Amino acid sequence: MEECIFCKIAKGEIPSFKVYEDDRVFAFSDINPISEGHTLIIPKSHAENLWEISADDLTAVHLAAKKIIEAIRIALSPTGVACLQLNGKGVNQVVMHYHLHLIPRISGAPELPVSSWELKQGDMDAIKKTAEKISAAIA
C-alpha cells in the first residue's frame with residue numbers, strides 16, 4: 001500500500017532501526033517505546049489486521065517473534081516480555097498495518113501498562129453464553 005508508513009519502512013523508504021529481516025518479515029525498534037527494547041514485527045505484505053493477514057504471513061511474524069524474543073532475553077535479561085497486537089481503531093490500532101509488539105520489562109522498571117489490570121470476577125452465565133456464541137461462529 002503506497003501510503004502505509006510500515007510498508008515504507010519495510011521497503012527502506014523511511015529509516016528505521018532494523019532488528020531482524022527475512023523474506024516475509026521486517027522487525028524494527030519502536031520509536032515511541034513503552035520500554036527499552038520495544039520491538040515491532042510486521043509482514044512485508046500489507047495486511048491491515050488479524051482479519052486480513054494471510055496464514056503464511058501470520059506464521060512468519062510469529063516465528064520471527066520467537067527468534068527476536070530469545071535475542072531480547074539474551075541482550076536485555078528482562079523479567080518478562082508482553083506480546084501485544086491490536087486490531088482496529090476501536091482498540092487504538094494507530095498504524096493500519098498488522099504488527100506485533102514485543103515489549104520487555106526490565107527488572108526494577110515500572111509495570112507495563114499493557115499487562116497490569118485489576119482482576120474482577122465475571123458473570124459465569126454471560127461468559128458461557130458468549131463463549132458458545134463465538135464457538136458456534138467458528139468456520
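If I take all pairs of Cα atoms in the stretch 5-137, what percentage of them are more than 24 Å from each other? Summing the P(r) tail past 24 Å for the stretch 5-137 gives 38 percent.
Taking the Cα centre of the chain as origin, sum charge times position over the Cβ atoms of Lys and Arg (+1) and Asp and Glu (-1), and report the length of that vector in debye to the nearest 20.
Working: 14 positive and 18 negative charges, 49 e Å.
For the chain, the charge dipole is close to 240 debye.
Bridgeable lysines around Lys44 (alpha carbons under 23 Å apart, same-chain partners fewer than 8 residues away excluded): Lys8, Lys11, Lys18, Lys66, Lys67, Lys89.
Applying a 4.7 Å Cβ-Cβ cutoff to the chain, the cysteines left without a disulfide-compatible partner are Cys83. Remark: the Ser54-Ile138 segment gains 28.5 nm on full extension, using 0.36 nm per residue and subtracting the alpha carbon distance.
Could you tell me the calculated FRET efficiency between Asp123 and Asn92, based on Cβ-Cβ distance and R0 = 30 angstrom, to the nearest 0.05? For R0 = 30 Å, the calculated efficiency reads 0.70. Applying 1/(1 + (r/R0)^6) with r as the Cβ-Cβ distance of Ala131 and Ile69 and R0 = 25 angstrom yields a FRET efficiency of 0.30. With K and R counted +1 and D and E -1, the other residues having a Cβ less than 15 Å from that of Arg105 yield a net charge of -2.
Amide hydrogen proximity for Gln93: with H placed 1.01 Å from N in the peptide plane, the residues at 5 or more positions away or on another chain lying under 5 Å are Gly88.
Counting only other residues whose beta carbon sits under 12 Å from that of Gly80, what net charge do I get with K and R as +1, D and E as -1? It would help to have the intermediate numbers written out before the result.
Numbers: positive: Arg73, Arg105; negative: Glu111.
Result for the local shell: +1.
If R0 equals 30 Å, the separation of the Cβ atoms of Thr79 and Glu2 corresponds to a calculated FRET efficiency of about 0.15.
Bridging of Lys133 to aspartates and glutamates at a Cα separation below 14 Å is possible for Asp125, once same-chain residues fewer than 8 apart are set aside. Helix-only arithmetic for the chain: the sum of -39500 (n - 2.57) across DSSP H runs with n ≥ 4, divided by the residue total, places the mean residue ellipticity at 222 nm at -9500 deg cm²/dmol.
Any read-out appearing in this document is the output of simple, stated calculations on the displayed coordinates, not a laboratory observation. Computed from a predicted model, the values in this text were never measured in an experiment. Quick reminder, even Gly has a Cβ in these numbers, built from the backbone with ideal geometry, and neighbours come from all protein chains shown.
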